[in-house]
Every structure is written in structure tokens, then in C-alpha cells.
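Below you'll find the structure, written out as C-alpha cells, and then a few comments.
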């Protein structure tokens with residue numbers, strides 16, 4: 001039997017990278033998918049590639065009103081919400097922390113932090129009424145082993161990890177599990193920002209810091225998220241799962 005049969009999943013930042021990987025992997029396991037992203041062209045493409053069991057909703061996760069519209073569209077299309085994946089993320093360019101402009105800092109906190117708050121307020125009452133659910137956030141190894149050059153991004157992901165653990169304890173009586181993923185740098189659109197620039201030399205340097213010898217892939221992250229979302233992980237909550245090839249050791 002498909003592991004997510006008849007479950008409905010909202011995935012933010014699902015037009016590319018880790019989010020696209022999760023959307024397609026969840027769909028393979030029977031879930032109905034809401035592809036939420038600001039990028040309409042690629043969100044439409046991902047939903048179309050998945051097929052009839054997916055819709056896309058243009059969403060700015062930093063805004064409460066747009067999150068409310070996302071949830072309303074999901075309920076209209078599918079009638080329930082079983083899985084909420086907070087995957088949308090933003091970062092500043094790797095470099096001096098004092099050179100990050102305030103508007104960039106504000107966007108990082110809005111997308112990486114405040115969106116989790118908006119999501120919780122929108123979906124927790126629905127999940128509670130249904131008897132439970134699963135919330136998953138894409139955090140980062142940066143929140144566990146921060147390195148110079150990405151200080152404000154690192155801090156936002158540390159916040160996400162702490163929020164995950166606190167939410168898990170508070171929502172456990174409602175049978176709502178809350179977990180997060182901590183990927184190492186991967187083949188996504190933000191890789192050049194993480195490294196400062198994308199060159200063969202910098203890629204080799206990043207790979208050398210990962211014991212298993214490669215960057216993460218969307219499928220790596222999707223498979224981990226699939227397990228956390230499935231009933232196989234029904235006793236797992238409050239976990240920051242390292243999907244990092246040993247990077248955090």
C-alpha cells in the first residue's frame with residue numbers, strides 16, 4: 001500500500017529543489033499535493049508533472065493573508081490537511097555578517113522563521129479537528145554546526161530547530177507530530193549563495209567536509225521527509241533529523 005495514501009500535503013517552496021523532490025516523492029506514495037511557491041511558472045510545471053492529484057497555489061509564505069488563502073484553497077480542493085511541509089527558505093550570500101543589509105535580514109527571518117508561525121496558526125486547528133497531523137520544516141545543518149559566513153541564516157535555522165522541538169511538546173496532546181530536517185548543502189538554487197560563488201574548487205571544498213563525499217540531493221531529503229510524514233514515524237516527534245552524509249559529526 002502507498003505510504004501516504006489519501007493524505008493531503010502542503011509543501012512550500014515546492015517549485016524547485018528539495019520542495020520539488022518532496023512533492024514528487026510524496027505523490028508517488030499516494031499523497032495529494034499542494035505545490036505552494038511564489039514562482040508560478042515552475043510551480044505550475046511541478047503540479048502538471050505530478051498530475052491530477054496536485055494543484056499549485058502562488059504563495060508568499062511571509063504573509064498571513066496569503067497563507068490563509070493557501071489553506072482555504074487546499075481545503076476547497078481536497079477537504080483536509082494531513083501534512084504541512086515548511087520548506088520555503090531564503091539566505092544571504094556567504095560573507096561578512098556586518099555586510100548583510102537589513103532588508104535581506106528581514107526577508108530571511110520572514111521566510112525562515114515567521115512563515116512557520118503563520119503555518120502553525122493556519123493548519124493546527126484543522127489538524128486538531130481531524131485528530132492529528134504532521135508538520136515538517138526544512139531546517140539545516142547550519143542550525144546545528146554553524147560556520148562563519150552565513151551567520152544570520154544559521155541563526156534562523158537554529159530558531160527553526162528550537163521552534164520544532166517546542167511545538168512538538170505543545171502539540172503532542174493533539175496528536176500532531178512536529179519534526180525538522182537538517183540537510184547539508186545540496187544541488188539546489190541556493191547553493192551558490194551558500195558557497196559565495198559556485199566554482200569547481202568550492203564544490204570540492206564542500207564535498208571534502210562531508211564524510212560520505214558528496215552534496216545532498218532532493219531525493220535524499222524527500223525520502224527522509226517521506227518517512228517522517230508517514231505512519232512509520234508515528235512515534236517520532238521533536239526530532240531534528242540530520243540528512244548530511246555525516247557532516248555534523
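The values are calculated or read from the model by the stated rules, or taken from the named source; none is laboratory data. Given the structure is predicted, the values throughout are model-derived calculations rather than measurements. For neighbour counting, all protein chains shown are included, and Cβ atoms are generated from backbone atoms with ideal geometry for every residue, glycine included.
So that you can scan it fast, the table gives a plain yes or no per residue for (1) under 27 Å from residue 100 (Cα atoms); (2) touching a helix residue (DSSP H, G or I) at 6+ places or on another chain (Cβ under 8 Å); (3) at pLDDT 95 or above:
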site	(1), (2), (3)
191	yes, no, no
206	yes, yes, no
222	no, yes, yes
226	no, yes, yes
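Within the range 156-189, the set of residues being over 22 Å from residue 237 (Cβ atoms) and surrounded by fewer than 19 Cβ atoms within 10 Å (Cβ to Cβ) comprises 187, 189.
Can you report the number of residues in the range 145-155 which are touching a residue at least 60 places away in the same chain (Cβ under 8 Å) and under 16 Å from the mean Cα position of the chain (by Cα)?
From the range 145-155, those touching a residue at least 60 places away in the same chain (Cβ under 8 Å) are 145, 152-153; that's our starting set.
This time we only want the ones that are under 16 Å from the mean Cα position of the chain (by Cα), so: 153.
Selection size over the range 145-155: 1.
Of all residues in the range 207-247, exactly one satisfies the criterion of being exposed (fewer than 14 other Cβ atoms within 10 Å of the Cβ), part of a loop (DSSP other than H, G, I, E, B) and in contact (Cβ under 8 Å) with a residue 40 or more places away in the chain, namely 234. Residues of the range 76-103 that are in contact (Cβ under 8 Å) with a residue 24 or more places away in the chain, out of contact with any strand residue (DSSP E or B) (no Cβ under 7 Å at 6 or more places or on another chain) and part of a helix (DSSP H, G or I): 97 alone.
Restrict the check to the range 92-106 and report whether at least one residue is under 26 Å from residue 229 (Cβ atoms), in contact with a helix residue (DSSP H, G or I) (Cβ under 6 Å, 6 or more places away or on another chain) and surrounded by fewer than 20 Cβ atoms within 10 Å (Cβ to Cβ). Within the range 92-106 (the criterion being under 26 Å from residue 229 (Cβ atoms), in contact with a helix residue (DSSP H, G or I) (Cβ under 6 Å, 6 or more places away or on another chain) and surrounded by fewer than 20 Cβ atoms within 10 Å (Cβ to Cβ)), the answer is no, since none of the residues qualifies. Residue 158 fulfils the conditions (1) touching a residue at least 40 places away in the same chain (Cβ under 8 Å); (2) closer than 19 Å to residue 112 by Cβ; (3) assigned to a helix (DSSP H, G or I) except for a single criterion, (1). Only one of the listed residues (108, 176, 116, 136) is at pLDDT 95 or above, over 18 Å from residue 12 (Cα atoms) and under 18 Å from the mean Cα position of the chain (by Cα). That residue is 176.
Residues of the range 114-144 that are surrounded by fewer than 20 Cβ atoms within 10 Å (Cβ to Cβ) and either out of contact with any strand residue (DSSP E or B) (no Cβ under 9 Å at 6 or more places or on another chain) or without any contact (Cβ under 8 Å) to a residue 60 or more places away in the chain (or both): 114, 117, 121, 125, 126, 128, 129, 130, 131, 132.
In summary, strands (runs of 3 or more DSSP E) completely within the range 1-71 and bearing 1 or more residues that are surrounded by fewer than 18 Cβ atoms within 10 Å (Cβ to Cβ) and either on the phi > 0 side of the Ramachandran plot or in contact (Cβ under 8 Å) with a residue 12 or more places away in the chain (or both) occur at 54-58.
Scanning the range 145-154 for residues that are surrounded by fewer than 23 Cβ atoms within 10 Å (Cβ to Cβ) and part of a helix (DSSP H, G or I) turns up 151, 152, 154.
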